[in-house]
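FYI, it's all coordinate maths here, none of it is from the lab. These figures come from a predicted structure and were not determined experimentally. For neighbour counting, all protein chains shown are included, and Cβ atoms are generated from backbone atoms with ideal geometry for every residue, glycine included.
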Amino acid sequence: MAITVMQRVEMKYLLSGAQTAFLREKLKGHMEVDQYGKTSIASLYYDTPTYQLIRASVEKPPFKEKIRLRSYGMATQESPVFLELKRKAYGIVYKRRVQSTIPLVEKFFSGDGDICAGGQINSEIKTFRDHYKTLVPACLIIYDRTAYFEPGGELRLTIDEDPRYRVDDLVLTRSMEGKSLLDKGWTVLEIKVQQAMPLWLAGILSAGKITKGSFSKYGEAFRQQLLKTGA
């Protein structure tokens, strides 16, 4: 199984259509679109029946954590999916990720067995599951992502178009449809760095009047759903 450990700073921005076009143009010569081009991504977030994880997250504590199952494009029962344990502490993001399949992940969340064959990541994900005891599918987040990389560098940047969600039909194998989280044309920019942002990128953001914000797709879906239900 493919296992990944990541530690980095992630900065998020909300961009209008005009700002998105400006940024894409200015990135030319600095960064390149990765080999996958635009990719539709679906992330199934697990939570307790009382939404303990997202309720804590929206309070913006210094430490928060989430667990999600991600697919690139619509999944099948046999296709690879990625279980990700994501923690954020004092601005630093720590991510543990393991490749699996939907049947194995469902078996894992039922309390039966491990997600991968031993090791530190297996221990962390299993401890997380056992701590919260009951984790069930809570929200499906879908978006169309273009990922950029800096040749020879560690800088990564993603632009997510049409972020959308649903809280029913919580499976990765049926459709990529959902209710939009943002007004038409707006996108979510994420900048992922190991250390400091390069000056050339800071200059582009300043010229485009692109300012850092705080935006969680799952958090916004939770907020919109609360407004919708009046809870």
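Which of Leu135, Leu199, Leu189 ends up with the largest GNM mean-square fluctuation for the chain, with Cα atoms connected below 10 Å?
Leu199
What is the magnitude of the charge dipole of the chain about its Cα centre, with +1 placed on the Cβ of each Lys and Arg, -1 on the Cβ of each Asp and Glu, and no other charges, expressed in debye to the nearest 20? Don't skip to the end; give the middle numbers.
On the way: 35 positive and 26 negative charges, 118 e Å.
In debye, rounded to 20, the chain gives about 560.
Within 10 Å of each residue's Cβ, count the other Cβ atoms and sort Tyr165, Tyr132 from fewest upward. Spell out each step's value before the answer.
Details: Tyr165 22, Tyr132 15.
Result, fewest neighbours first: Tyr132, Tyr165.
For the chain, set up a Gaussian network in which alpha carbons nearer than 10 Å are linked by springs, and say which option among Ala21, Ala147, Ala221 fluctuates the most.
Ala21
Quick one: compute the contact order of segment 3-229, relative version, from alpha carbon pairs under 8 angstrom and 6+ residues apart, as a percent.
Working: 442 pairs, mean separation 67.6, N = 227.
Over segment 3-229, the number comes to 30 percent.
Bin width 5 Å, origin at 0, all Cα-Cα pairs of segment 2-65: what percent of pairs per bin?
3, 10, 10, 19, 20, 13, 15, 7, 2, 0
Would you mind ranking Tyr143, Tyr148 so that the residue whose beta carbon has the fewest other beta carbons within 10 Å leads the list?
Tyr148, Tyr143
Between Gln77 and Tyr90, what is the label-point separation in nm under the 7 Å Cα-to-beta-carbon projection?
My value for the distance between the label points is 4.7 nm.
So which of Lys133/Lys179; Lys64/Lys107; Lys95/Lys228; Lys28/Lys66; Lys64/Lys212 end up more than 27 Å apart, counting from Cα to Cα? Before the final figure, lay out the partial values.
Numbers: Lys133/Lys179 30 Å; Lys64/Lys107 25 Å; Lys95/Lys228 31 Å; Lys28/Lys66 34 Å; Lys64/Lys212 20 Å.
Violating the 27 Å limit, Cα to Cα: Lys133/Lys179; Lys95/Lys228; Lys28/Lys66.
If we restrict to alpha carbons, what Rg and Dmax does the chain come to, in Å?
17.8, 53
What are the principal axis extents of the Cα atoms in segment 18-123, in Å, biggest first?
The Cα atoms of segment 18-123 stretch 49, 37, 27 Å along their principal axes.
Only Cα pairs within less than 10 Å get springs; with that Gaussian network setup on the chain, which residue of Lys88, Lys60, Lys217 has the largest fluctuation?
Greatest mean-square fluctuation among the candidates belongs to Lys60.
Counting other beta carbons within 10 Å of each residue's own, what order do Ser40, Ser214 fall into, fewest first? All intermediate terms of the calculation are to be shown ahead of the outcome.
Details: Ser40 15, Ser214 10.
Result, fewest neighbours first: Ser214, Ser40.
Run the helix sum for the chain: -39,500 (n - 2.57) per DSSP H stretch of 4+ residues, divided by residue count, reported at 222 nm to the nearest 500 deg cm²/dmol. Provide the component values of the computation, followed by the final result.
Details: 6 runs with 61 residues, N = 231.
After summing the helix terms and dividing by residue count, I get -8000 deg cm²/dmol.
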